[in-house]
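Each value in this text was obtained by applying a stated rule to the coordinates, not by laboratory testing. None of the values given here were measured: they were computed from a predicted structure. Quick reminder, even Gly has a Cβ in these numbers, built from the backbone with ideal geometry, and neighbours come from all protein chains shown.
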Amino acid sequence: MVVGGEPCYVVDDAGFRIHIPSEKVDRQVLTFLMDQIQGKEDVISEQTAKMMGQEDIFTKAMIENQLKNIDKQFDSLLDSGLPENARMYLGMTGFKIVIDHHGDLIRVDQPSAPERGGEGDGE
């Protein structure tokens, strides 16, 4: 929702709809995600290159460099916004953020991989 030209999230507080500027929430979520990535750039870049089918050293290095400088991309991402199809995909995979009525991040629910040893995996 946009209020006065500013994108906002709407929080339902017992029927009272509170509009919270999305940039405040988005920066907290991006910082949380950045903290999850830090120190794991090499593994993430390797797996990303593998998923892309481009496992060469140059692709891996390019991805790793982008991950190490992810904080510099925040403003650009906030300016352009997360594409609607990306937001829908995140929601469908179980990614969810919980904020309070001030817009402070309470928790982030992330999808997880199924546990090994379950039904149908041959064990």
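Within the shell defined by Cβ-Cβ distances under 9 Å, the residues around GLU46 carry a net charge of -1, with Lys and Arg each +1 and Asp and Glu each -1. Close amide H contacts of CYS8 (hydrogens built in the peptide plane, cut-off under 5 Å, sequence separation of 5 or more or a different chain): VAL2, VAL3, SER22.
The three principal axes of the C-alpha atoms in the chain carry coordinate ranges of 50, 40, 25 Å, sorted with the longest axis first. Placing a label point 7 Å from the Cα of LEU77 along the Cα-to-Cβ direction, the residues of the range 32-58 whose backbone N falls under 18 Å from that point are 32-49. Out of every Cα-Cα pair that the range 1-70 contains, those further apart than 20 angstrom amount to 52 percent.
Report, in debye and to the nearest 20, how large the dipole of the chain comes out about its Cα centre when Lys and Arg carry +1 and Asp and Glu carry -1 on their Cβ. It would help to have the intermediate numbers written out before the result.
Working: 12 positive and 23 negative charges, 41 e Å.
Roughly 200 debye for the chain.
Calculated over the range 54-98, the projected area of the Cα convex hull averaged across directions stands at 4.7 nm².
A simple spin-label model places pseudo-atoms 7 Å from Cα toward Cβ; at GLU23 and VAL108 they are separated by 2.0 nm. Given R0 = 22 Å, the distance between the Cβ atoms of ILE44 and PHE95 translates into a calculated FRET efficiency of 0.85.
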